[in-house]
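Notes to accompany the following structure.
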Amino acid sequence: MSPRSLDSRHTIARPERALLWLADPVLIWPVVLLVCALVAVHWLDLDMRLADTLYRIEGGRWSLRYTWLTSEVLHKGSQRLSIVIGVVTLATIVCSGFVGRLRPYRRGLVAAFAAAITSLLIVSLFKHQLPFACPYDMQRYGGKLAARSVSELFWHQDVSGCFPAGHAAGGYCFVVWFFFARHYRLPYYGYVGLPGMVLGLVNGIDQQLRGAHFLSHDLSAILLCWVVGYAVFHGVVGRSPRVSHAALRKSSA
């Protein structure tokens with residue numbers, strides 16, 4: 001029996017599927033934790049406190065902004081790595097059209113690729129529409145804007161591209177592979193999203209050291225990538241039933 005026939009027997013109506021999503025702890029608990037973290041960061045003013053500490057450690061200027069490690073290796077290198085992962089994913093989708101072992105995963109591969117791209121597009125949209133200042137834009141950190149808080153908006157000024165954290169999202173968008181592995185019940189699926197989390201975390205720390213983002217920008221990027229990745233992926237493949245890896249291999253034989 002093909003994976004398509006397995007899925008079609010258990011098709012779930014869209015309203016019922018939405019209720020299943022809201023009852024899924026994999027979606028709900030991370031969202032609750034991240035929202036609580038954002039509230040705590042705002043309430044305790046951790047954005048400014050962390051930025052103050054980093055700025056002081058770097059000698060009262062963003063001395064790591066243009067270093068070889070933070071700028072060339074981590075900043076630009078992570079962009080190239082994200083592009084490579086995207087190209088490899090796209091190539092795998094193409095190969096799944098004529099490689100027997102990949103064919104059962106074709107729908108999931110398309111869903112994962114679409115989820116990652118959608119996450120990045122939404123982050124990019126927010127970045128270019130919301131005029132939040134970067135740390136290095138503020139007078140407090142050597143910039144020109146007399147910002148009183150991280151959440152202050154600077155309409156009609158040359159400020160954009162600072163919220164949410166785009167480079168961090170370039171890593172966090174790949175947590176969608178956790179949803180992919182979970183859907184197909186791949187071995188050790190709980191660890192499949194770790195590379196994306198690590199890449200996003202490294203990018204986020206690098207950008208904070210360079211004065212490009214606050215902590216809340218990174219947390220917001222994780223939140224967006226998790227919610228959008230979950231919604232798009234499961235919107236394409238459906239949440240239930242999850243066909244096991246062994247069953248898919250057997251059906252493709």
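The values are calculated or read from the model by the stated rules, or taken from the named source; none is laboratory data. Because the structure is a prediction, the values reported are computed rather than measured. FYI the Cβ positions are ideal-geometry reconstructions off the backbone, even for glycines, and counts take in every protein chain you see.
A few comments on the model shown:
- Scanning the range 69-86 for residues that are under 14 Å from the mean Cα position of the chain (by Cα) and polar (S, T, N, Q) gives 78, 79, 82.
- Residues of the range 92-127 that are in contact (Cβ under 8 Å) with a residue 24 or more places away in the chain and charged (D, E, K, R): 101, 103, 107, 127.
- Flag for residue 216 being among the hydroxyl-bearing types (Ser, Thr, Tyr), over 11 Å from the mean Cα position of the chain (by Cα) and part of a helix (DSSP H, G or I): yes
- The condition of being under 11 Å from the mean Cα position of the chain (by Cα) and outside any helix (DSSP H, G or I) holds for only one of 164, 187, that being 164.
- Residues that are free of Cβ contacts under 8 Å to residues at least 60 places away in the same chain and surrounded by 24 or more Cβ atoms within 10 Å (Cβ to Cβ) within the range 197-216 comprise 200, 204, listed in sequence order.
- Residue within the range 72-79 that is polar (S, T, N, Q) and either modelled with pLDDT under 95 or in contact with a strand residue (DSSP E or B) (Cβ under 9 Å, 6 or more places away or on another chain) (or both) present: yes
- Residues that are over 17 Å from residue 152 (Cβ atoms) and among the β-branched types (Val, Ile, Thr), drawn from the range 35-54: 35, 39, 53
- The range 121-134 - residue that is aliphatic (A, V, I, L, M) and surrounded by fewer than 20 Cβ atoms within 10 Å (Cβ to Cβ) and, of those, farthest from residue 86 (Cα to Cα): 130
- With respect to the conditions (1) surrounded by 14 or more Cβ atoms within 10 Å (Cβ to Cβ); (2) in contact with a helix residue (DSSP H, G or I) (Cβ under 9 Å, 6 or more places away or on another chain); (3) modelled with pLDDT of 90 or more, residue 137 falls short on a single one, namely (2).
- Of all residues in the range 152-170 being out of contact with any Pro (no Cβ under 6 Å at 6 or more places or on another chain) and farther than 27 Å from residue 83 by Cβ, the one that is surrounded by the fewest Cβ atoms within 10 Å (Cβ to Cβ): 156
- Among all residues of the range 67-75, there is none that is more than 20 Å from residue 134 (Cα to Cα) and touching a residue at least 60 places away in the same chain (Cβ under 8 Å).
- Inter-residue pairs, beta-carbon under 8 Å, first over 15 Å from residue 208 (Cα atoms) and assigned to a helix (DSSP H, G or I) and in the range 35-48, second of a type outside the set (A, V, I, L, M) and modelled with pLDDT under 95, 6+ apart: 42/151
- Test: residue in the range 207-218 that is aliphatic (A, V, I, L, M) and within 19 Å of residue 85 (Cβ to Cβ): no
- Matching residues, the range 140-151, being farther than 12 Å from residue 211 by Cα and surrounded by 14 or more Cβ atoms within 10 Å (Cβ to Cβ): 145, 147, 150
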